[in-house]
Amino acid sequence: MGFLDNDDPDFHAKVLRHMNAWANDPRSGATPANIVFYPTDKAAANAQVRIATAPGGGHWSYIGTDVLLIPAGQPTMNLDGFSAATSEEELCRVVRHETGHTLGCPHEHMRGELIALLDEKEVFRYYLETEGWSEAQTRAQLLTPLEERSLMGTPRPDALSIMCYQIPGSLTTNGKPILGGLDIDRSDYDFIERMYPRPIAGAATAAAPVAALASAAAPQTAAAPVKAGAAPHDRKAVHPADCIVVTLPDGVVVSIPPEAPAAQVRQVLRAMD
């Protein structure tokens, strides 16, 4: 990965540490995910993951293998105005969230079970006042449910996931907040480790891709690339009937879209083994 507009090595080290937190499950006995982000030895413009810090551009990242569709020199992630002076708490929350998008995770609060808890009128009002979002932007970021049958995801949404927005109780129909996540939680680690498994000792396996399908992972298609966090959710939907759907013994539902590349299918099969 590379930084397009920041040459501060201290900032680079901080961001890399939080990106690689996805592969540093702190639980005793855990098998960490097969993920490593490292600085490119090429020009930053030619790195696979390219980070900009443009002020006013918002925090966002393209999702999963969409990262690979972005022309060289253009950012695949933006950390709005971040620098080495940014608080550790904010770096943790934002960088780990955006890295989740890079790994293939869409927003957890976009799952239908959580969207059903929202008061649409209040949501539109709140995000217009606090973020300046139009109704179309708010609908795209919070009110358009992901198609559950086209996801590889946990059986139930995780309101404490790092990928879930914090939504106040004033916006829900039951008055209870959706707490959201400030750091990678147990469910996040469990699923990313399944999607990016370590090679079996002695087996000839390919290195983990930079971006793949993750929890709750959107299927990678030939549709226009999508930025999570700043742009409308315009990914082409995959019709559920076209997917191969498998429910694993632990309740995780795996759905493989028909256009998934062979390498990604092999990755899924290894994860299921």
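The values are calculated or read from the model by the stated rules, or taken from the named source; none is laboratory data. Model, not experiment: these values are computed from the prediction. Quick reminder, even Gly has a Cβ in these numbers, built from the backbone with ideal geometry, and neighbours come from all protein chains shown.
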Within the range 134-147, residues within 18 Å of residue 63 (Cα to Cα) and touching a residue at least 60 places away in the same chain (Cβ under 8 Å) come out as 137, 140, 141, 144, 146, 147
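Would you confirm, using the coordinates I've provided, whether residue 129 is farther than 22 Å from residue 64 by Cβ and of a type outside the set (Phe, Trp, Tyr)?
Considered against the rule, which asks whether it is farther than 22 Å from residue 64 by Cβ and of a type outside the set (Phe, Trp, Tyr), residue 129 comes out as yes.
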Please identify the pairs in which a residue from the range 113-126 that is over 10 Å from residue 173 (Cα atoms) has its Cβ atom under 7 Å from the Cβ atom of a residue that is part of a helix (DSSP H, G or I), counting only partners at least 6 apart or on another chain.
115/143; 123/138; 123/142; 123/143; 123/171; 124/135; 124/138; 126/171
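Filter the range 23-81 down to residues that are among the hydroxyl-bearing types (Ser, Thr, Tyr) and either out of contact with any Asp or Glu (no Cβ under 9 Å at 6 or more places or on another chain) or assigned to a loop (DSSP other than H, G, I, E, B) (or both) and give me whichever is surrounded by the fewest Cβ atoms within 10 Å (Cβ to Cβ). Even if it seems obvious, please write down each step before you answer.
To start, the set of residues in the range 23-81 that are among the hydroxyl-bearing types (Ser, Thr, Tyr) comprises 28, 31, 38, 40, 53, 61-62, 65, 76.
Imposing the further condition that a residue be either out of contact with any Asp or Glu (no Cβ under 9 Å at 6 or more places or on another chain) or assigned to a loop (DSSP other than H, G, I, E, B) (or both) reduces the set to 28, 31, 38, 40, 53, 62, 65, 76.
Numbers: 28: 5, 31: 11, 38: 10, 40: 15, 53: 21, 62: 26, 65: 20, 76: 28.
Among those that are among the hydroxyl-bearing types (Ser, Thr, Tyr) and either out of contact with any Asp or Glu (no Cβ under 9 Å at 6 or more places or on another chain) or assigned to a loop (DSSP other than H, G, I, E, B) (or both), it is 28.
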Could you please find all residues in the range 114-169 being closer than 26 Å to residue 196 by Cβ, part of a helix (DSSP H, G or I) and either modelled with pLDDT of 95 or more or in contact with an Asp or Glu (Cβ under 6 Å, 6 or more places away or on another chain) (or both)?
114
Filter the range 1-10 down to residues that are touching a residue at least 12 places away in the same chain (Cβ under 8 Å) and under 22 Å from residue 72 (Cβ atoms) and give me whichever is surrounded by the fewest Cβ atoms within 10 Å (Cβ to Cβ).
5
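For the range 82-108, enumerate the residues that are part of a loop (DSSP other than H, G, I, E, B) and either among the small types (Gly, Ala, Ser) or under 30 Å from residue 148 (Cβ atoms) (or both).
From the range 82-108, those part of a loop (DSSP other than H, G, I, E, B) are 82-87, 103-107; that's our starting set.
Hits for the range 82-108 are 83, 84, 85, 87, 103, 104, 105, 106, 107.
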